[in-house]
Amino acid sequence: MKAIVVTDQAAGTAGMKLVERPEPLAAINDVVVEVHASSITGDELSWPSTWTDRLDRDRTPSIPGHELAGVVTALGYGTTGLSVGQRVFGLTDWYRDGTLAEYVAVEARNLAPLPGDVDFAVGASLVMPGLTAWQGLFEHGHLRAGQSVLVHGAAGIVGSMAAQFAREAGAYVIGTGRTAGRQTALDFGAQEFVDLDNEALEDVGGVDLVFDVLGGDIAKRSAGLIRAGGTLVTITGPTDIRPTGGLTIDFVVVPDRAQLNEVVQRFRAGRLRPNIGHIATLDNAVAAFNPTSRVKGKTIIRVRP
């Protein structure tokens, strides 16, 4: 099968190659999925799990990508809940070969059924942003109707999803970002926008929840905006930043079939739209991840037409 592999961590995306690899086999509780669409997370090649297994042993050449939409072609021993020929989408294990390939072996529990009226490219685009935004807002941030939420990077891939979820949940959404992102953030559900290039973040006043994708100084300053009992939720890694009278939670997104169902049903009902920037083929995937100019939105690799 065709697959994108990486072998040199120092080279980053420039070290990606399109090669022929053996098709994977389904282990116990696995399925093999014929991949129709996939993607990659921007900093994925900096993760230790891309290069080593859980015992810290080198596992290169490895196939990156952890988001997929496709069709089940084989079931491993003991696998239940899915069937051959079923359309699925989901998030794969960090320490296994990923989804920038024609086939991938995945634990069945990491996948959810993809309705027939949802395009594979859309299905792949919903996975990581949808699960990250959902878990950050509702599992960790315990967002409720009537609360206020500050969403950093509200014009970005994850932030735009968080803004939509929060707005639908009845929260008041304040988005942040660069000057050029103002209208995009507002289009995706933010009711206010703070231009981090030209406006003072502190003018926002108090909020109940901060959803942070930026970290650093912005996260530190955001902690001072959180009301007593509020929460700073970040996906940028462990931090010692603590709001007065509140909590800081950092988390790593995990697969969740029920949450994927929630996400895709919102898309089907017209209450959610993904932030897709560019769609390329697997043959052109290396170039797609080494663009000559900045691409707004999520890059999707359509593995099959």
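The values are calculated or read from the model by the stated rules, or taken from the named source; none is laboratory data. Keep in mind the model is a prediction, meaning the values are calculated, not measured. Using ideal geometry, Cβ is built from the backbone for each residue, glycine included, and neighbour counts are taken over all protein chains shown.
A Cβ distance below 9 Å, combined with a sequence gap of six or more or placement on separate chains, defines the contacts here; from the range 154-169, residues that are surrounded by fewer than 24 Cβ atoms within 10 Å (Cβ to Cβ) reach residues that are part of a helix (DSSP H, G or I) in the pairs Glu168/Arg266; Ala169/Leu137; Ala169/Phe138. Against the definition (in a loop (DSSP other than H, G, I, E, B), of a type in the set (S, T, N, Q), at pLDDT 95 or above and out of contact with any helix residue (DSSP H, G or I) (no Cβ under 8 Å at 6 or more places or on another chain)), how does Ser125 come out, yes or no? Answer is no for this residue.
When we screen Ala27, Ala3, Ala37 for residues that are surrounded by fewer than 19 Cβ atoms within 10 Å (Cβ to Cβ) and of a type in the set (Gly, Ala, Ser), the only hit is Ala27.
Could you please find all residues in the range 56-70 being closer than 15 Å to Leu114 by Cβ and either surrounded by fewer than 17 Cβ atoms within 10 Å (Cβ to Cβ) or not hydrophobic (A, V, I, L, M, F, W, C) (or both)?
Residues satisfying the conditions are Glu67, Gly70.
Can you spot a residue in the range 92-107 that is of a type in the set (D, E, K, R) and in the same structural domain as Val233 (by TED's automatic domain parsing)? Scanning the range 92-107 turns up no residue that is of a type in the set (D, E, K, R) and in the same structural domain as Val233 (by TED's automatic domain parsing).
With respect to being within 30 Å of Leu18 (Cβ to Cβ), modelled with pLDDT of 95 or more, touching a helix residue (DSSP H, G or I) at 6+ places or on another chain (Cβ under 6 Å) and not aliphatic (A, V, I, L, M), Asn290 falls outside the description. Restricting attention to the range 41-56 and to residues that are outside any loop (DSSP other than H, G, I, E, B) and in contact with a strand residue (DSSP E or B) (Cβ under 8 Å, 6 or more places away or on another chain), the residue that is farthest from Ile276 (Cα to Cα) turns out to be Thr52. Does Leu91 meet the test of being buried (at least 19 other Cβ atoms within 10 Å of the Cβ), touching a His at 6+ places or on another chain (Cβ under 7 Å), in contact (Cβ under 8 Å) with a residue 40 or more places away in the chain and closer than 30 Å to Asp208 by Cα? Yes.
Among the residues of the range 128-141, are any within 17 Å of Gly277 (Cα to Cα) and either in contact with a Gly (Cβ under 7 Å, 6 or more places away or on another chain) or of a type in the set (A, V, I, L, M, F, W, C) (or both)? Taking every residue of the range 128-141 in turn, at least one turns out to be within 17 Å of Gly277 (Cα to Cα) and either in contact with a Gly (Cβ under 7 Å, 6 or more places away or on another chain) or of a type in the set (A, V, I, L, M, F, W, C) (or both). Any residue in the range 136-151 that is over 18 Å from Gly230 (Cβ atoms) and crowded, with 24+ Cβ neighbours inside 10 Å? No, the range 136-151 contains no residue that is over 18 Å from Gly230 (Cβ atoms) and crowded, with 24+ Cβ neighbours inside 10 Å. Return yes when Thr231 is in the same structural domain as Gly156 (by TED's automatic domain parsing) and within 16 Å of the chain's Cα centre (by Cα) and no when it is not. Taking the combined requirement at face value, the residue does not satisfy it. Given the criteria surrounded by fewer than 20 Cβ atoms within 10 Å (Cβ to Cβ), in contact with a strand residue (DSSP E or B) (Cβ under 7 Å, 6 or more places away or on another chain), among the hydrophobic types (A, V, I, L, M, F, W, C) and not in a helix (DSSP H, G or I), does Ile301 qualify? No.
Could you go through the range 213-225 and let me know if any residue there is of a type in the set (A, V, I, L, M, F, W, C), outside the structural domain of Gly146 (by TED's automatic domain parsing), surrounded by 19 or more Cβ atoms within 10 Å (Cβ to Cβ) and outside any loop (DSSP other than H, G, I, E, B).
no
Taking the range 1-51 as the range and being of a type in the set (Gly, Ala, Ser) and either closer than 14 Å to Ala285 by Cβ or more than 21 Å from the chain's Cα centre (by Cα) (or both) as the test, the residues that pass are Ala3, Ala10, Ala11, Ala14, Gly15, Ala26, Ala27, Ala37, Ser38, Ser39.
A Cβ distance below 7 Å, combined with a sequence gap of six or more or placement on separate chains, defines the contacts here; from the range 41-54, residues that are outside the structural domain of Val295 (by TED's automatic domain parsing) reach no residue that is not aliphatic (A, V, I, L, M). Within the range 20-40, the set of residues being farther than 16 Å from Gly90 by Cβ and assigned to a loop (DSSP other than H, G, I, E, B) comprises Arg21, Pro22, Glu23, Leu25, Ala27, Ile28.
Only one of these is within 18 Å of the chain's Cα centre (by Cα), in a loop (DSSP other than H, G, I, E, B) and in the same structural domain as Asp212 (by TED's automatic domain parsing): Gly159, Gly146, Gly153. Name it.
Gly153
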